[in-house]
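Just so you know, all these numbers are worked out from the coordinates, no wet-lab data involved. Values in this document were obtained by computation on a predicted structure and should not be read as measured data. Ideal geometry is used to build each Cβ from the backbone, glycine not excepted, and the neighbour counts take in all protein chains shown.
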Amino acid sequence: MIEAIIKETGETIYIDYSIPNNRMLSAVKVNGEYIQINSNDIEFIDQSDINIEWEQRRYELSRAAMQGIVSNSEFLREHEKEDIHYLALKCADKMINILRGE
């Protein structure tokens, strides 16, 4: 998980995932409480000294997105099965862009 600070309170949180096509992030506070927070309300802690393997992260995020997609039977009925992998990668790429602050 990526560490960040809530601008208003200075509280440390750990980013869990983002909601695609949105600036909302799911995060967990140090006390274990899960929250939804806008990415504009946080500041990512500089982790430039950490060597992040973005391709591995992309794989993990797309795998998680794929699990969510295939668990939604209504979505599967409405979309082509060939599009599932594309959507999962798109979700992963969006999250990586948010994590990188792009």
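Tilt of helix 84-100 relative to the longest C-alpha principal axis of the chain, in degrees (0 to 90, nearest 10)? Taking the Cα atoms of the chain, the angle to 84-100 is about 10 degrees.
Could you give the size of the charge dipole of the stretch 51-102 about its Cα centre, using +1 on the Cβ of each K and R and -1 on the Cβ of each D and E, expressed in debye and rounded to the nearest 20?
Taking the Cα centre of the stretch 51-102 as origin, the dipole is about 140 debye.
Each label point was placed 7 Å from the Cα along the Cα-to-Cβ direction; for residue 84 and residue 12 their separation is 3.9 nm. In the chain, a dipole from Cβ-located charges (positive for Lys and Arg, negative for Asp and Glu) runs towards its positive end, and of 101, 9, 26 it is 26 whose Cα lies farthest in that direction. First measure r as the distance between the Cβ atoms of residue 100 and residue 71, then evaluate 1/(1 + (r/R0)^6) with R0 = 30 Å and state the FRET efficiency to the nearest 0.05. That pair, residue 100 with residue 71, gives E of 0.60. Extension gain for residue 35-residue 56 works out to 5.0 nm (0.36 nm per residue, less the C-alpha to C-alpha distance). Between the helical axis of 54-70 and the longest alpha-carbon principal axis of the chain there is an angle of about 50 degrees. Residues whose amide H comes within less than 5 Å of that of residue 11, counting only those at least five positions distant or on another chain, are 6 (H built at 1.01 Å from N in the peptide plane). For the chain, a crude dipole built from +1 on the beta carbon of Lys and Arg and -1 on the beta carbon of Asp and Glu, taken about the Cα centre, is about 220 debye to the nearest 20. What the Cα convex hull of the chain gives, in volume per residue, is 107 Å³.
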